[in-house]
1. Of a type in the set (D, E, K, R), surrounded by fewer than 16 Cβ atoms within 10 Å (Cβ to Cβ) and on the phi < 0 side of the Ramachandran plot - does that describe any residue in the stretch 167-174?
2. If I ask for residues that are surrounded by fewer than 15 Cβ atoms within 10 Å (Cβ to Cβ) and part of a strand (DSSP E or B), which ones from the stretch 130-143 would you list?
3. Mind counting the residues in the stretch 61-92 that are assigned to a strand (DSSP E or B) and closer than 22 Å to THR137 by Cα?
4. Among (1) in contact with an Asp or Glu (Cβ under 8 Å, 6 or more places away or on another chain); (2) surrounded by 13 or more Cβ atoms within 10 Å (Cβ to Cβ); (3) farther than 16 Å from THR64 by Cα; (4) not basic (Lys, Arg), there is one condition GLY127 misses while meeting the rest; what is its number?
5. Any residue in the stretch 109-124 that is under 18 Å from ASP153 (Cβ atoms) sitting within a Cβ distance under 7 Å of a residue that is hydroxyl-bearing (Ser, Thr, Tyr) and at pLDDT below 95? List the pairs, counting only those 6 or more apart or interchain.
6. Check GLU132, GLU178 and return the single one that is under 30 Å from ARG80 (Cβ atoms) and acidic (Asp, Glu).
7. Kindly indicate the residue of the stretch 105-124 that is polar (S, T, N, Q) and within 22 Å of PRO88 (Cβ to Cβ) and also surrounded by the fewest Cβ atoms within 10 Å (Cβ to Cβ) among those meeting that condition.
8. Go through the stretch 132-160 and count every residue that is over 18 Å from the mean Cα position of the chain (by Cα) and more than 17 Å from TYR197 (Cβ to Cβ).
Amino acid sequence: MKLRAARANDLLEWCPPAMPGLMRKMVYRFSFFLLLLFSASSVRAQNQTMFWPEIDTYVNLNSTTRFFFISALSSDQDTRQVEGEFGPNFDFFVKPILRSSLRTTDPGKSKYLTFRVGYRYMPELRGDSPAENRIITEATGRFYLPWSVLLTDRNRIDLRYIQTKPFSWRYRNRISLERNFAIRGYTFTPYIRGELYYDSRYNKIAKNTFTIGSVFPMTKHTEAELYYEDQRDSSSTPNYHVRGPGVVLNLFF
């Protein structure tokens, strides 16, 4: 019971007191649902559990370019190891030929096609795993389906330079479905995502993830994202299986 309460505090302590009452109730209920799912899955399978806190900062440079900086952690709840992920990125937008019908703080979701190039430094902040330097390139397409459902197809290549290991690369394909819902005038955006990872070290699809979550606008320039993720990695025997909740704070300037 004490452990569950500690995890609840990890998930909810970011929630500012000034948030509207209705939004706070929705965020709290969603967090409780994630914690129940997290606890139940851990008991059944006895798998490794993680917690992923993250802050993403976006700064518009002009109508077609923006700067994005990621600050994220991966916290292993079993071994207490902590890995960081930090780095600058640049997004490039194709002119918005797609008319947006998704109410969101993120202007990138109104663009039919976006490109991203970036760098990530991933040190082991607590533990003894090797650090990684990673160069990324992304191309993301967006299409509206019936019932105002937004389909997003992200294609990403990671060029990986891991200390003490030879150079490798990964191709990642992520499909997302999301839609707006409104309750008493407050709009939030639930989503589901699935992603496949092709790893050059093993010449196969060595990892897949499934994510369910929701985005909650907080202010005109701020939104919170809560999610639960299930990862399966077949690069080793036995297979590596990780589950856990994550929290993202998105800042737009």
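The values are calculated or read from the model by the stated rules, or taken from the named source; none is laboratory data. All figures in this text were calculated on a predicted structure; none of them were measured in a lab. Cβ placement follows ideal geometry from the backbone for every residue including glycine, while neighbour counts extend to all protein chains displayed.
1. No; the residues of the stretch 167-174 include none that is of a type in the set (D, E, K, R), surrounded by fewer than 16 Cβ atoms within 10 Å (Cβ to Cβ) and on the phi < 0 side of the Ramachandran plot.
2. THR137, ALA139, PHE143, listed by residue number.
3. Selection size over the stretch 61-92: 20.
4. Of everything listed in (1) in contact with an Asp or Glu (Cβ under 8 Å, 6 or more places away or on another chain); (2) surrounded by 13 or more Cβ atoms within 10 Å (Cβ to Cβ); (3) farther than 16 Å from THR64 by Cα; (4) not basic (Lys, Arg), GLY127 misses just condition (2).
5. Here the result reads LYS109/SER100; SER110/SER100, each pair linking the stretch 109-124 to a residue that is hydroxyl-bearing (Ser, Thr, Tyr) and at pLDDT below 95.
6. Criteria check complete, one pass: GLU132.
7. Among those residues, the one meeting the criterion is THR105.
8. Number satisfying all stated conditions: 8.
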